[in-house]
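Okay, structure first, notes after.
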Amino acid sequence: MSALVEATRPERKPVSLLRLRAMLAAGEKIAMLTAYDAAFARAADDAGVDCLLVGDSLGMVVQGGSSTVPVTLDEVAYHVRCVARGRRHAWLLADLPFGTYEESPEQALRSSAVLARAGAQMVKLEGGWAAETVRFLVERGIVVCAHLGLTPQSASALGGYRVQGRDEAAADRLAREARALADAGAAMLVLELVPAALARRVQQENPALVVIGIGAGGDVAGQVLVLHDMLGVTAGPMPRFVRDFGREGGGVHQALQRYVAAVKERSFPEATQHTY
Ligand code: KIV
């Protein structure tokens with residue numbers, strides 16, 4: 001970005017939880033991306049990304065593994081420190097990796113403290129069972145994002161990367177879990193790979209919960225994609241909910257700007273192409 005453009009832009013304030021809630025209330029879409037290092041964190045932040053997620057997807061896109069399961073707490077903390085150095089405005093959240101929070105709320109608190117010390121402002125954990133853990137963390141000052149639908153840490157138990165909540169019973173269960181997590185104090189919910197109608201229902205039933213979709217349609221507070229997927233550098237076939245913004249030309253910075261603009265203008269996700 002040129003110095004002139006930068007100088008004439010209204011000053012951007014750091015994104016806070018209050019700001020995210022205000023965006024939800026005002027109907028301004030939230031653009032989130034994963035980030036794993038300082039350079040891409042800065043580029044995404046400069047492009048106007050509202051939230052950066054240090055996802056345990058790093059096990060796949062950074063480490064070259066086939067799942068998120070082997071990722072450790074120290075590895076996530078390392079990437080949080082890198083991203084925290086690059087970020088200027090975006091809200092920074094990080095995944096609690098598999099095996100670092102399921103045993104007890106106390107274990108979850110110890111792991112969250114490691115990520116908070118590394119620079120995370122919010123921790124994300126997977127599963128509909130976790131309301132008690134969320135309440136325990138929130139009461140102790142940790143800001144929590146829950147994750148429902150396709151939860152990659154338990155993808156094997158879910159039968160692989162498949163759309164979740166398709167039948168009525170599964171949809172009702174997910175909606176109940178979302179309500180319990182919101183009641184327990186989760187401020188944000190990532191909904192992955194669920195029908196758009198179910199994501200819309202969850203957002204409507206929990207109007208103060210910042211619902212971020214990935215393969216969940218556009219009727220939620222915002223969108224997240226894995227950085228490498230949206231830049232088109234991930235090997236192999238992409239799920240249908242991914243749009244390859246990198247292929248559209250102009251380099252990384254323009255791809256990031258196009259992503260933010262598409263989320264804000266509601267042209268991504270597209271109902272017929274990226275939605276179930
Ligand atoms: O680990 C990750 O990148 C995630 C996103 C897919 C939401 O959890």
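Just so it is clear, none of the values below were taken in a lab; they were calculated from the coordinates. Remember, predicted model here, so these are calculated numbers, not experimental data. Please note: Cβ atoms are built from the backbone with ideal geometry, for glycine as well, and neighbour counts cover all protein chains shown.
In deg cm²/dmol and to the nearest 500, what is the mean residue ellipticity at 222 nm of the chain if only DSSP H runs of at least 4 residues count, each as -39500 (n - 2.57), divided by the residue total? Write down the numbers at each step before the final one.
Details: 11 runs with 111 residues, N = 276.
Using -39500 (n - 2.57) per qualifying helix, the result is -12000 deg cm²/dmol.
Taking the convex hull of the alpha carbon positions in segment 13-265 and averaging its projected area over all directions gives 12.0 nm². Under 18 Å of direct C-alpha separation, and excluding same-chain neighbours fewer than eight residues apart, Lys264 reaches these lysines: Lys13, Lys29. Taking label points 7 Å from Cα along the Cα-to-Cβ direction, Glu168 and Leu18 give a separation of 4.5 nm.
Highest first, please rank the peptides 167-176, 146-155, 84-93 by the mean number of other Cβ atoms sitting within 10 Å of their residues. Don't skip to the end; give the middle numbers.
On the way: 167-176: 13.6, 146-155: 22.7, 84-93: 20.0.
Going from most to least packed, we get 146-155, 84-93, 167-176.
Ordered by the number of other Cβ atoms lying within 10 Å of each residue's own Cβ, fewest first, His274, His228 fall into the sequence His228, His274. Between amide H atoms placed 1.01 Å from N, distances below 5 Å from Ile30 occur with Gly222, Gln223, all of them 5 or more places distant or on a separate chain. Put in line by how crowded their Cβ is, counting other Cβ atoms within 10 Å and starting with the fewest, Thr100, Thr133 read Thr100, Thr133. A simple spin-label model places the labels of Arg110 and Glu270 4.9 nm from each other, with each point 7 Å out along Cα-to-Cβ. For the pair Glu28 and Glu248 in one chain, pulling the backbone fully straight at 0.36 nm per residue adds 76.7 nm over the alpha carbon distance.
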